[in-house]
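Below is one structure, written out as structure tokens, with a few remarks after it.
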Amino acid sequence: MLQTVRVLHVLGRLNVGGAESRIMDLYRNIDRDRIQFDFVHHMTKRGAYQEEIESLGGHVYCMPRFRLYNYFSYKKSWEKFFKEHQEIQIVQGHMTSTASIYLPIAKKYCNAYTIAHARNAGVSKGIKGYVTKLIRKRLADKCDSCFSCSDLASEAVFGKKNIEKVKFIPNAIDVDKFSYDPNIRSLIRKDWGISETDLVLGHVGRFDEVKNHAYMIEILRECVKRNRSVKLFFVGDGPLRDEIRLKADKLGLGGHVIFAGIRKDVYNYYQAFDFFIFPSFYEGLPGTAIEAQASGLHGILSDRITRQAAVTDLIKFKSIDVPAREWADEIFNTDISGRRSRSDDVRNAGFDIKEQAKKMSEFYYENSVSHK
């Protein structure tokens with residue numbers, strides 16, 4: 001009988017974010033008789049996915065948030081954790097800001113196979129970003145495998161000299177869920193009071209500085225100058241939501257913006273959009289861009305995002321340093337008629353979670369067996 005391998009995923013939070021969604025897609029599709037996931041997050045509240053994780057047989061543990069001043073107590077918390085959890089065979093750190101701390105501890109106390117998974121191509125501004133770069137400076141030397149979602153994320157987290165060590169792991173999705181369905185489109189638009197003649201710009205993401213929501217409001221303003229029937233549909237939540245709502249209201253655009261909050265059935269909301277916008281300051285490889293393409297949406301991404309995100313001809317890249325009217329021009333110059341699903345194109349590009357789950361299951365099992 002095959003031994004069940006326990007893989008610990010380390011995250012900042014367990015909300016409906018990009019990394020969390022990708023891991024949960026993998027969890028739902030992986031062979032759980034062979035591979036079982038556990039999670040560590042750095043929040044005291046129960047995460048949005050916690051109930052589902054527990055129903056699938058996983059455990060969720062909480063670590064204190066890392067602050068530079070609590071370095072030693074943070075390290076001790078991890079030492080205590082791994083001493084008590086000898087069952088863990090693989091540790092995959094998606095939180096690379098402190099992976100240099102907890103991955104070596106996992107190896108020391110559990111003899112675990114360790115993976116650092118780069119999911120972003122930038123850091124926060126100021127002292128926080130400086131500390132992150134400092135702590136993960138030699139991360140590639142402190143783990144058994146380096147994973148990354150894109151070329152830019154590889155370089156940002158592991159450095160140019162370590163690129164050859166890095167294994168590309170696609171931000172795979174459950175492709176079929178995102179296939180375009182005009183019936184779902186009509187239902188969602190009706191639920192939110194959107195006319196079939198309205199032009200809907202869509203964005204899915206956390207309300208965080210890096211996502212550049214303020215610029216999206218500027219794009220909306222330029223679009224409304226051309227067509228009063230334009231709406232901007234936000235799916236997601238976060239600390240800047242109220243600030244963005246206030247900005248829209250001040251510009252007289254409140255009636256053109258929809259805040260849908262966090263949606264677990266986000267795949268249905270892409271159907272209601274007409275155009276996808278994503279002007280982030282930096283990303284690893286946004287899974288939302290892959291989801292949008294699977295649903296047949298044209299879109300514009302910031303030119304600071306890896307070109308690997310364009311797995312179809314539906315995506316264009318544009319600078320976020322230009323006036324917002326140039327994004328509006330691009331939107332209105334794009335022929336969005338004849339929309340159809342592009343799920344097969346996304347699948348053929350290697351972003352199908354079912355195939356990815358098979359590959360990762362083999363990777364986990366082979367490395368846990370050979371390592372112990």
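Computed from the coordinates by the stated procedures, all read-outs in this text should not be read as laboratory data. Here the structure is a predicted model, which is why all the values come from computation and not from measurement. Every residue, glycine among them, receives a Cβ derived from its backbone with ideal geometry; neighbour counts consider all protein chains shown.
Computed quantities for the displayed model
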item	result
Lone qualifier among G238, G193, G205 - being among the small types (G, A, S) and within 22 Å of R339 (Cα to Cα)	G193
Total residues in the range 330-343, condition in contact with a helix residue (DSSP H, G or I) (Cβ under 9 Å, 6 or more places away or on another chain) and without any contact (Cβ under 8 Å) to a residue 40 or more places away in the chain	0
First in the range 108-137 and closer than 12 Å to Q89 by Cα and in contact (Cβ under 8 Å) with a residue 40 or more places away in the chain, second anywhere and crowded, with 18+ Cβ neighbours inside 10 Å and of a type in the set (G, A, S), Cβ under 7 Å, 6 or more apart	A112/A106; Y113/S368
Leading residue by the ranking (nearest to N227 (Cα to Cα)) among those in the range 247-271 that are crowded, with 16+ Cβ neighbours inside 10 Å and more than 19 Å from the chain's Cα centre (by Cα)	H256
Criterion violated by H117 - all others in (1) of a type outside the set (D, E); (2) outside any helix (DSSP H, G or I); (3) surrounded by fewer than 21 Cβ atoms within 10 Å (Cβ to Cβ) satisfied	(3)
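Okay, residues lined up against (1) of a type in the set (F, W, Y); (2) out of contact with any strand residue (DSSP E or B) (no Cβ under 9 Å at 6 or more places or on another chain); (3) crowded, with 17+ Cβ neighbours inside 10 Å:
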{"position": "T288", "(1), (2), (3)": "no, no, yes"}
{"position": "S302", "(1), (2), (3)": "no, no, yes"}
{"position": "I305", "(1), (2), (3)": "no, no, yes"}
{"position": "A309", "(1), (2), (3)": "no, no, yes"}
{"position": "K316", "(1), (2), (3)": "no, no, no"}
{"position": "D321", "(1), (2), (3)": "no, yes, no"}
{"position": "E326", "(1), (2), (3)": "no, no, no"}
{"position": "S343", "(1), (2), (3)": "no, no, yes"}
{"position": "V346", "(1), (2), (3)": "no, no, yes"}
